[in-house]
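First up is the structure itself, then whatever we jot down about it.
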């Protein structure tokens, strides 16, 4: 049944328009100082072969680059004086972007994956959780082992600690692990984080 027109209907239509999108941060754009955009009086110059020419006036470096049909690009703007190189800018920028993409692809962020146990967990379930934890550790992630105690179970924190310690020892027999975070008890939840040794 549709809401009657009036203030309530306006509130409902406003609530429906609220966006739930998550915005990704914009990638950092690198701005290169090329040719006439170089404001420094002098630069430390590298020629097209990477040979060190020396510290020379920027205008002279620009003149040398133009004579060889190349661009003058600052490759280390924070150096004193700036380090500039004579290159074909389009080709050089493509190589820089390619190297950055390759480096980004080779980086793997370490995640913390969870494995939940209980006080009355059976031997088969322990084995399933152990295999799961070992898979996470093989992928280079850390594993958060947790037990949530409810109601009367909260009186048996010592048993929960024992279950977690036995689980970690069980995993350690197959694959060496180190305890990144010892067992902590917050509310009714006991957690410990392990990683590959």
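Quick notes
- Length gained when the stretch residue 89-residue 150 is fully extended (0.36 nm per residue, less Cα-Cα span): 15.5 nm
- Projected over all directions and averaged, the alpha-carbon convex hull of region 50-97 occupies 3.6 nm².
- Take every DSSP beta bridge whose two residues both sit in region 34-146; close to 60 percent of them are antiparallel.
- Taken along the Cα-to-beta-carbon direction at a fixed 7 Å, the label points for residue 55 and residue 121 span 6.5 nm.
- With R₀ set to 25 Å, the beta-carbon distance separating residue 32 from residue 110 gives a calculated FRET efficiency near 0.15.
- Each part reduced to its alpha carbon centroid, region 69-116 and region 143-197 end up 42 Å apart.
- Which of 98, 154, 142 has the fewest Cβ neighbours within 10 Å, and the rest in rising order: 98, 154, 142
- You can think of it this way: the chain between residue 158 and residue 48 has 32.6 nm of extra reach, that is 0.36 nm per residue less the Cα-Cα gap.
- For region 125-197, the C-alpha radius of gyration divided by 2.2 N^0.38 Å, with N the number of residues, is 1.09.
Every read-out reported here was derived from the displayed coordinates using simple, explicitly stated rules and does not represent laboratory data. Remember, predicted model here, so these are calculated numbers, not experimental data. Virtual Cβ from ideal backbone geometry, glycine too; neighbours counted across all protein chains shown.
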